[in-house]
Amino acid sequence: MFELNLDINQFLDTYWQKKPTVIKNGFIDFEDPILPDEIAGLAMEEEIESRLVYQEEDKWQAESGPFETFERLEKDGATLLIQAVDHWHEDAQQLVRPFRFLPNWRIDDLMISYSTPKGGVGPHIDNYDVFIIQGKGKRHWRVGEKKALQEFAAHGALKHCEAFAALIDVVLEPGDILYIPCGFPHEGYAVEPSMNYSVGFRAPDQNDLISSFADYCLDIDQTAQRYLDPEMIIRERPGRIEEQELNELHRLLIERSKSPVDLIPWFGRMISEAKHELDIASSDIPQTNQQILDLFEAGAQFIRLGGLRAVYFQQSPELLFINGEQFNCEGFTELGHHLCDQDEVAGEIVELLSEDENALTLFTRLVNLGYWYAA
């Protein structure tokens, strides 16, 4: 549906996580996959994260949804933002697919914003890479150098940065794409009623990883090694922690992850777990293996649920991690990997399913969980 007009190798070599750039006509003849009224409808839903940002008497204001009315969007200077629209809107989900030349596990979500003239969220710095696609209307963007800037709370829900000189100063038109690497300050304001689509790429920091790994270790309730010091001697300086004691504490910590492979069960669950709610519609009456085959033979195409995360590891190819859960595809890794790599599957997997009952059973289970559905 959307074809990226980009020399991908040149982009990766020159710009990815190095410097921002504007991709003019990144999508040629771009048409918005969603209407402003549909955006407003999503913002009324309890389970969907939404915000309304505007200025009032030169002060920034931010409100969280769900919303019942949208009078503020009848005035200039307002922006309505919806997170994870790819979880809820199939046509909008198509906008994520062209960016799958990057690893699936790095993709965060599709955020969509609708702004009235002069609407924006102020100058800020994001801790993730983002492609911002211009839809309906025009927006003026400024992007500065990556350097230490003072950040402050412009509002309880808005973090801004101090003023910066612009490396990029441009007005985006429909189909243009602005790529901003992590850490580069930027600000954008609508020139006219405007739609923007942001495909973000997450990268956990050390604190995220350590916290999540500690939670995982507690959850699985492994027998934890305790610090021991049987070779104790009289301590002349009881207030000092000796070098060998700190070394042993360090050994205890890294013992839990002696090799990268030891991290797979934890990281697979962590990185495949959805950050936002999924629009799961599992059937009250489970499908059978034969019913799934019949659907394929009738020409059905199965689509992966919007926002669903599915990954596997090169080091342990028999393990699949889908929505925070581990599955085993030993003996039919080709099918398992195909499900993780592709958003849609059809007749190309029928032979695999027909020849291996275990493969068919796994796929049927995934369908019954609502993770894949027949188009």
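Just so you know, all these numbers are worked out from the coordinates, no wet-lab data involved. Source: prediction; values computed, not measured. Quick reminder, even Gly has a Cβ in these numbers, built from the backbone with ideal geometry, and neighbours come from all protein chains shown.
Annotations
- Mean-square fluctuations from a GNM of the chain, with a 10 angstrom spring cutoff on Cα atoms, peak among ALA148, ALA203, ALA163 at ALA148.
- Normalised by residue count, the chain yields a Cα convex hull volume of 198 Å³ per residue.
- Among the GluC sites (Glu not before Pro) found in the stretch 295-344, those both in a DSSP coil and sparsely packed, with 16 or fewer other Cβ atoms within 10 Å of their Cβ, are GLU318, GLU330.
- Excluding same-chain neighbours fewer than eight residues apart, the aspartates and glutamates reachable from LYS18 by a Cα-Cα span under 15 Å are ASP126, ASP129, GLU145.
- Cα-Cα separations in the stretch 92-230 greater than 26 Å, expressed as whole percent: 37 percent
- Of the chymotrypsin sites (Phe, Trp or Tyr not before Pro) in the stretch 227-333, those whose Cβ has at most 11 other Cβ within 10 Å and which sit in DSSP loop: TYR227
- Using just its DSSP H runs of length 4 or more, each adding -39500 (n - 2.57), the chain gives a mean residue ellipticity at 222 nm of -7000 deg cm²/dmol after division by all residues.
- √(5λ) per eigenvalue of the Cα gyration tensor, the stretch 8-201, largest first, Å: 24, 21, 16
- Distribution of pairwise C-alpha distances over the stretch 193-350, 5 Å bins, in %: 1, 6, 11, 14, 15, 12, 10, 8, 7, 5, 4, 3, 2, 1, 1, 0, 0
- Here the stretch 289-374 was treated as a single set of alpha-carbon atoms; its pair distances binned every 10 Å from 0 give 18, 57, 24, 1 percent.
- What separates the Cα centres of the stretch 259-296 and the stretch 306-334 is a distance of 9 Å.
- GluC sites (Glu not before Pro) within the stretch 146-197: DSSP coil, no more than 12 neighbouring Cβ in 10 Å: GLU162
- Ranked LEU6, LEU228, LEU81, LEU295, criterion: other C-beta atoms within 10 Å, fewest first: LEU228, LEU295, LEU6, LEU81
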